[in-house]
Every structure is written in C-alpha cells, then in structure tokens.
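Coordinate-derived values only; no laboratory data. The model shown is predicted, which means the values in this text are computed figures rather than measured ones. Glycine gets a Cβ as well: all are built from the backbone with ideal geometry, and neighbour counts include every protein chain shown.
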Amino acid sequence: MDKIIIKGIEVFGFHGALKEENSLGQRFTIDIEMKKNIRKACEEDNLEETVHYGYVHDDVVQLTKNNKFKLIEKLAEEISKMVIKKYGVEEITVKIIKPNAPINGIFKYVAVEITRTSDDYE
C-alpha cells in the first residue's frame, strides 16, 4: 500500500486533563501516515488522484486549534476520523506528541499513536 506522510506538524492547542492545560495551552507535534492506492496519480501525474497533503495539514491544524479535548487520545481519534472520511484514505496512523506534559520528572515527551482504517468509520 502506498503512503503519504506528514511529519512534525506543530500546533498550539488547549488539550489536557488539567484545567491549567485548558487555559494556558501548550505545543503539540503531530505525525500522520496515510495509506491509499495512489498508482493512478503516479501514472497520470494528477493531483486529483492522490491526497493533497497541504489540505490535510491545514485541516489537522484547524481541528487541533479549534477544539479542546481532555485526552490526546481523543484528538488522535478525531483527526483519524476526519482524514479518512474527507480524503478517502484506507488507513491512517496518527501520532500526537506532547513535549510538555505535566509530569514531575525528566523526559523528552509523551505520545499517543493510533491506527485506524476506513472500516472503523463505516
């Protein structure tokens, strides 16, 4: 299966279980891997036969900026659902990285990664 990958989308959002996270906000990094048969796009050199990753990027940024979720798991689910339904991808993996999670310790980041298929949203 062919893949279209967007790595390192940076978005400032207000997601988290703590009220400070919802009021102060923080930076999130989002990686997306979409699977879709794009052979026709390759053969015809036609943008209409693939996934416009610029539009996906913009939609992911808007969804992340304009909503508040307690869990980054929920954010990943909503991104997955939106991309599959809007862009007709067969499978998507979404990774949400939260580099400044409120943990009293030293760590690089916490993250959630989910994989969904079009069958999950029929």
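With the chain treated as a Gaussian network of Cα nodes joined by springs under 10 Å, which of ASP31, ASP58, ASP45 yields the largest mean-square fluctuation?
Fluctuation is largest for ASP45.
Go through region 86-122 and name the trypsin sites (Lys or Arg not before Pro) that are in a DSSP coil and have 12 or fewer other Cβ atoms within 10 Å of their Cβ.
When the trypsin sites (Lys or Arg not before Pro) of region 86-122 are filtered for loop state and at most 12 Cβ neighbours within 10 Å, LYS108 remain.
Please give every one of the aspartates and glutamates within straight-line cross-link reach of LYS35, meaning a C-alpha to C-alpha distance under 12 Å, and leave out same-chain neighbours fewer than 8 residues apart.
Partners found: ASP2, GLU90, GLU91.
Sort out the exposed loop chymotrypsin sites (Phe, Trp or Tyr not before Pro) in the chain (DSSP loop, at most 13 other Cβ within 10 Å) and tell me the longest stretch that has none.
Looking at the chain, 1-106 is the longest stretch - no exposed chymotrypsin sites (Phe, Trp or Tyr not before Pro) with at most 13 other Cβ atoms within 10 Å.
For region 51-112, run through the GluC sites (Glu not before Pro) and keep only the ones in DSSP coil with at most 15 other Cβ atoms within 10 Å of their Cβ.
Here the GluC sites (Glu not before Pro) that fit, given the DSSP loop and packing criteria, are GLU90.
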